[in-house]
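Here the structure comes first, spelled out in structure tokens, and everything after it is commentary.
We did not get these values from a lab; they are worked out from the coordinates using the rules stated. Computed from a predicted structure; not experimentally measured. So basically every Cβ, Gly included, is an ideal-geometry build from the backbone, and we count neighbours across all protein chains shown.
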Amino acid sequence: MGQLILCLVIVFGLQMIPTQSEAGWLFHATKKAAARKIMVRGFSKKMNPKARFGKGYYFSKSPTTALKEKPGANAIVVTRGSKMLTKNALSTKHWSTAKLKKFSGDRDLRGKIHKGVIGPKLGKEIGRKAGRQRRPVLYRSARDRNGSNLFIPPSVYQKHPRIVRPQKVVSYGR
């Protein structure tokens, strides 16, 4: 029943937002109150250190992936990403084990990658290194097999606050 409702919400409630095929659009799922604050003040500096890549800003390349990543969300902030964002991103989606080992400095990846999805320990190490290099990270969604997400380290967002520009909020559900 829950999947049917989610499907109906996606089909009928999100028609007005761009799809992943339209380049440059990114989606951030959150609560309605937080979405309104983002539209007024921009993204908060308050971040969750327990998130997969550590503290940073998280976006999805499609609205359905955003909803799957944040199940309690009842709004999506539709943002426009700059060209610099995707051009400079580290795309870990198709990295070999050897490349992941080299980038992370971790020789033993057992238990850190499951079916191509980077786990939290390895993710935090990649997030730290990406932050030092001031580069966003494009990675495979853990909750949507075909989805992609983007992690923007705080160092990147602080240097380029207009790297993602909130355009509108789409509410649904409660």
Mind giving me the nanometre distance, one decimal, between the label points for Lys159 and His114, set 7 Å out from Cα along Cα→Cβ?
3.4
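Give me the percent of DSSP beta bridges within the chain that run antiparallel, rounded to the nearest 5.
On the way: 24 of 26 bridges.
Percent antiparallel among DSSP bridges in the chain is about 90.
So if each residue of separation counts as 0.36 nm, and I subtract the Cα-Cα distance between Lys101 and Lys83, what length gain in nm does that give?
3.6 nm
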Relative contact order, percent, of the stretch 87-174 when contacts are C-alpha pairs under 8 Å separated by at least 6 residues?
25
Helix-only CD estimate at 222 nm, as mean residue ellipticity for the chain, using -39500 (n - 2.57) per DSSP H run (n ≥ 4):
-9000 deg cm²/dmol
Pulled fully out, how much extra length does the chain show between Lys168 and Arg41, if you take 0.36 nm times their separation in residues and subtract their Cα-Cα distance?
44.4 nm
Would you mind checking which residues have amide H under 5 Å from Gly147's amide H? H placed 1.01 Å from N; only 5 or more apart, or other chain.
Ser141
Using every pair of alpha-carbon atoms in the stretch 73-125, split the distances into 10 Å bins beginning at 0 and state the percent of pairs per bin, rounded to integers.
19, 40, 29, 12, 0
Taking the stretch 122-174, how much of its Cα-Cα pair set, in percent, is spaced more than 17 angstrom apart?
52
Among 25-32, 102-109, how do they line up by average Cβ neighbours within 10 Å per residue, starting with the highest?
25-32, 102-109
0 to 90° range, to nearest 10: angle between helix 32-41 axis and the chain longest Cα axis:
70
What are the semi-axes of the equivalent ellipsoid of the stretch 28-97, taken as the square roots of 5 times the eigenvalues of the Cα gyration tensor, listed largest first and rounded to whole Å?
22, 15, 13
